[in-house]
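Peer 1: Here's a structure for you.
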């Protein structure tokens, strides 16, 4: 089993009464709440935390893309990944990812991902999300009924740009380019491994199976709520005759670990309540624009995690769903949003998660809510030292991870020189 340290980069200083005075953390959150001088410190703490995770032995470090919100301060994950590519060695960098339909032209993604792969020495995992409705349809004004078609065309253009050695022309519905000839080109051949972040779309399951891509379910409501989605994915894989390789799947889970259960409950109560009360406070009018969720997904009875959290469920669906409206710590724990406890307790629950969901890649949210750098690094260190060793044997001898980067040998990679200037 592989462990990726996943950062959302939330704004950590939203006011206590944020929910009462703001209809949504996404799209129309008021700009006066953002303090650039405070965010300067946050960004640098976040980068320190990602680098620390690399230092203590996580298999990869991970960032993502969101817009116009206080839930994730990463409108350009490529900027973060480029900084990490320069400041780390050996550890893979997972960009989860670039929302392809938002790039005009999509060759921008092909170029920037290639740059990151080259700077890092072939350590990139390339994530291609469709994107949330808040990001794509409202913050960036995309037509929800055309979003997936635009996404698919962008994907095809990027793959061809990475793999076609000759300059070529591309004439699609959304993109027309007379000359496509990207420089640089990625180190990894034919291209970096591709992971698809998903929220439960039937079409995404099938497409991942057909393309041999990793399906990564980024549910921030825990493995209990993610059970139906992951079981649906594996059932679809079986129908299509694909092998049940757990490394073809990933799952995100918030985790708080300490030396004792008592300490863990004390430490992670406040950041957990901040995260689920403020960071995931999304107005229902932004959660499910008509045309965003496909007919097949609706017929399968799958609902978006944001839609549920914004309380758009009908009564029947509410009865069969894990609650996604809990904001108090006891209910957060009861519903499994966050796994909290001693190292042995956390390891036991994560082993159950991995086996039940059949996932070989776990994206660990070890910073969530308003957790500061000191607590984040403590959480990260205890997890790396006392939880990971108990779980790394999972799937190791049964399956091959064909979706992992193939970087240059250490002897062939650059060693960045650092110059320290004495203070004058």
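Peer 1: Shape call for the stretch 70-217 from the C-alpha gyration tensor, a ≥ b ≥ c root eigenvalues: rounded (a/c under 1.5), prolate (a/b greater than b/c) or oblate?
Peer 2: rounded
Peer 1: Identify which of 241, 57, 226 has the largest mean-square fluctuation in a Gaussian network model of the chain, with springs joining Cα atoms closer than 10 Å.
Peer 2: Greatest mean-square fluctuation among the candidates belongs to 241.
Peer 1: At a 10 Å Cβ-Cβ cut-off, how would you order 333, 50, 33, 240, fewest neighbours first?
Peer 2: 240, 33, 333, 50
Peer 1: Here's another thing I want to ask about it. Among rounded, prolate and oblate, which fits the stretch 338-378 when a ≥ b ≥ c are the square roots of the eigenvalues of its C-alpha gyration tensor, a/c under 1.5 means rounded, and a/b larger than b/c means prolate?
Peer 2: Details: a/c = 2.91, a/b = 1.82, b/c = 1.60.
Taking the square roots of the gyration eigenvalues as a ≥ b ≥ c, the stretch 338-378 is prolate.
Peer 1: If you compute Rg/Rh (Cα atoms, Kirkwood Rh) for the structure shown, which of (i) 1.00; (ii) 1.12; (iii) 0.94 do you land on?
Peer 2: (iii)
Peer 1: Restricting to the chain, compute how many DSSP beta bridges are antiparallel as a %, nearest 5. Show your work: numbers first, answer last.
Peer 2: Details: 4 of 35 bridges.
Given both bridge residues lie in the chain, the antiparallel proportion sits at roughly 10 percent.
Peer 1: How would you classify the stretch 1-140 from its alpha-carbon gyration tensor, with a ≥ b ≥ c the square roots of the eigenvalues: rounded for a/c under 1.5, else prolate if a/b is greater than b/c, otherwise oblate?
Peer 2: Judged from the Cα gyration tensor, the stretch 1-140 comes out oblate (a/c at least 1.5, b/c at or above a/b).
Peer 1: Using the basic label-point model (7 angstrom from Cα toward the beta carbon), what is the residue 356 to residue 83 distance in nanometres?
Peer 2: Label at residue 356, label at residue 83, 3.7 nm between them.
Peer 1: Using Cβ counts within 10 Å as a stand-in for footprinting exposure, how do 185, 206 rank, fewest first? Each step should come with its number before you reach the end.
Peer 2: Values: 185 19, 206 16.
Sorted ascending by nearby Cβ count, the order is 206, 185.
Peer 1: Could you work out the relative contact order of the chain, using alpha carbon pairs under 8 angstrom and six or more residues apart, expressed as a whole percent?
Peer 2: Taking the mean separation of contacting Cα pairs over the length of the chain, I get 22 percent.
Peer 1: Counting other beta carbons within 10 Å of each Cβ, put 213, 71, 268 in order, fewest first.
Peer 2: Fewest-to-most Cβ neighbours within 10 Å comes out as 213, 71, 268.
Peer 1: Helix-derived [θ] at 222 nm for the chain: sum -39500 (n - 2.57) over DSSP H runs of at least 4, divide by residue count, nearest 500? Spell out each step's value before the answer.
Peer 2: Values: 16 runs with 163 residues, N = 424.
Helices in the chain give a 222 nm mean residue ellipticity of -11500 deg cm²/dmol.
No lab work stands behind these numbers, since they all come straight from the coordinates. Values in this document were obtained by computation on a predicted structure and should not be read as measured data. Backbone-built Cβ (ideal geometry, glycine too); neighbour counts: all protein chains shown.
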